[in-house]
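Presented below is the structure to which this report refers.
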Amino acid sequence: MRILLARRDVNANTANKYGDTPLFRAAEEGCEGVVKMLLLERNDVNPNTANSSGQTPLFIATSGGHEGAVKLLLGRNDVNPNTADLSGETPLFLAPAGGMRKS
């Protein structure tokens with residue numbers, strides 16, 4: 001991961017057919033180390049990019065109960081915690097359902 005992120009010709013915001021970016025997938029899996037690398041080692045990573053369902057990395061980390069990833073994301077001033085998905089749900093709405101466990 002570090003080798004790929006060190007290359008400036010690698011677009012860290014590239015999304016799959018569902019709109020999921022590397023940051024989204026790392027947040028979804030609760031991979032704190034990868035979330036941290038993407039947020040801290042690359043200033044071109046957009047933490048608010050939503051997928052085709054309108055879900056952001058913060059949304060998916062919260063819904064999965066990945067407290068560590070949520071804390072890392074909220075540590076950035078540019079993360080919008082109020083972004084709603086296509087159903088109108090926000091990360092705060094999902095926090096109790098996700099169980100917010102340490103990942």
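The values are calculated or read from the model by the stated rules, or taken from the named source; none is laboratory data. As the structure is a computational prediction, the values presented were derived from the model and not from experiment. Note that each Cβ is placed from the backbone with ideal geometry, even for glycine, and that neighbours are counted across all protein chains shown.
Observations on the structure shown:
- For region 1-50, residues that are assigned to a loop (DSSP other than H, G, I, E, B) and among the β-branched types (Val, Ile, Thr) total 5.
- Checked against (1) part of a helix (DSSP H, G or I); (2) modelled with pLDDT of 95 or more, residue 86 meets all criteria but (1).
Okay, residues lined up against (1) closer than 24 Å to residue 10 by Cα; (2) surrounded by fewer than 21 Cβ atoms within 10 Å (Cβ to Cβ); (3) touching a His at 6+ places or on another chain (Cβ under 8 Å):
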site	(1), (2), (3)
36	yes, yes, no
42	yes, yes, no
53	no, yes, no
57	yes, no, no
60	yes, no, no
69	yes, no, no
72	yes, no, no
